[in-house]
Ligand SMILES: [Zn+2]
Ligand SMILES: [Zn+2]
């Protein structure tokens, strides 16, 4: 009995170790799992379907942080039992989104590279990467430039591109299209050139719905959500542009009516009061989860620690109540508090019936949100 079990295991392990030709890995899960990986105020969000097909949105930070962030993504892949990334979306050409890509690709096979097209915000590191490195990475894979309305084909998961390269879907998603009462109070915002180019994707898994909009800015949120709400509602709002106030207008957050929001913020990026107020006043919101406390929130605006995934390498004995102002960027700016040690993700496990569980990997705290009115 025991010998045959060992043999069975050996066969199973051999198959597992062989490079997968099919896009999906062997997996027995019934849930769609989403890992919101801590890349210190950048983005890396990993989707894994029940059959093991994977989609990664962004790859963390550029430069010295790239090995750290790629390592954190690989830790989430390992937890999910993944051997490769089937689809990768780079939302836009900022270093906190594509920065860990070359490092990750040196360790992991990526089958498809998805982006919005050329960089529109000239910057030496980005333009060098797009000229010298990126074409080599996708030369043996598939390269797809998406436009609004495109579907990304993933078995068992409906993935709809709703924004890309500064354009948005012309017609509402199925079931969406109601007038949005927040539009009357909308105030336009400033933005850089690349954030509004972000690839935004809307996901449907049975009755469960979620959206990731990259760093899409307020003015694009207005185009998408006014005068009618083209997206409809979601159970989970992912990302929130690190909690930055150049995104996250009420026309977007309140109209999406999320039950849960998960913010990909860092120790000083951003979770600023304006965003926190918009999220906390969002109708129907049950919980905000954060990858980090942020100095820009202070205790005044942050959530209880059990909903925060990460602390600092040198933890503070107490968190200041008052939020600080973000220091002006420049060579003399003091660095944000460091977190280069063990990092923890926030994981969503969604069922077809619309029930989902969110778990904080640091403290094991989890909460199940049952489907229903
Ligand atoms: Zn961290
Ligand atoms: Zn960003």
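Laboratory data are not the source of any read-out in this text; all were calculated from the coordinates shown. If you're wondering where the values come from, they're calculated on a predicted model, not measured in any experiment. Cβ placement follows ideal geometry from the backbone for every residue including glycine, while neighbour counts extend to all protein chains displayed.
Overview of results
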| quantity | calculated |
| --- | --- |
| Selection count where residues are touching a strand residue (DSSP E or B) at 6+ places or on another chain (Cβ under 9 Å) and farther than 24 Å from residue 147 by Cα, scope the range 106-132 | 2 |
| Sole exception among (1) within 16 Å of ligand 2 (Cβ to nearest atom); (2) closer than 24 Å to residue 203 by Cα for residue 62, by number | (2) |
| Test: residue in the range 321-341 that is in contact with a strand residue (DSSP E or B) (Cβ under 7 Å, 6 or more places away or on another chain) and surrounded by fewer than 22 Cβ atoms within 10 Å (Cβ to Cβ) | yes |
| Residues that are assigned to a loop (DSSP other than H, G, I, E, B) and out of contact with any helix residue (DSSP H, G or I) (no Cβ under 8 Å at 6 or more places or on another chain), drawn from the range 107-116 | 111 |
| Failed item in (1) buried (at least 22 other Cβ atoms within 10 Å of the Cβ); (2) away from ligand 1 (no atom under 16 Å from the Cβ), with residue 286 passing the rest | (1) |
| Boolean, residue 211 is in contact with a strand residue (DSSP E or B) (Cβ under 9 Å, 6 or more places away or on another chain) and under 22 Å from residue 240 (Cα atoms) | yes |
| Filter result (at positive phi and more than 13 Å from ligand 2 (Cβ to nearest atom)) within the range 219-254 | 232 |
| Condition check for residue 125: within 16 Å of ligand 2 (Cβ to nearest atom), in a helix (DSSP H, G or I) and over 18 Å from the mean Cα position of the chain (by Cα) | yes |
| Single residue of the range 39-62 satisfying the filter (over 20 Å from residue 144 (Cβ atoms) and in contact (Cβ under 8 Å) with a residue 40 or more places away in the chain) that is surrounded by the most Cβ atoms within 10 Å (Cβ to Cβ) | 60 |
| Those residues of the range 25-47 which are within 13 Å of the chain's Cα centre (by Cα) and away from ligand 2 (no atom under 16 Å from the Cβ), in sequence order | 33, 34, 35, 46, 47 |
| Unique match (being within 24 Å of residue 67 (Cβ to Cβ), in contact (Cβ under 8 Å) with a residue 24 or more places away in the chain and away from ligand 2 (no atom under 16 Å from the Cβ)) among 281, 311 | 311 |
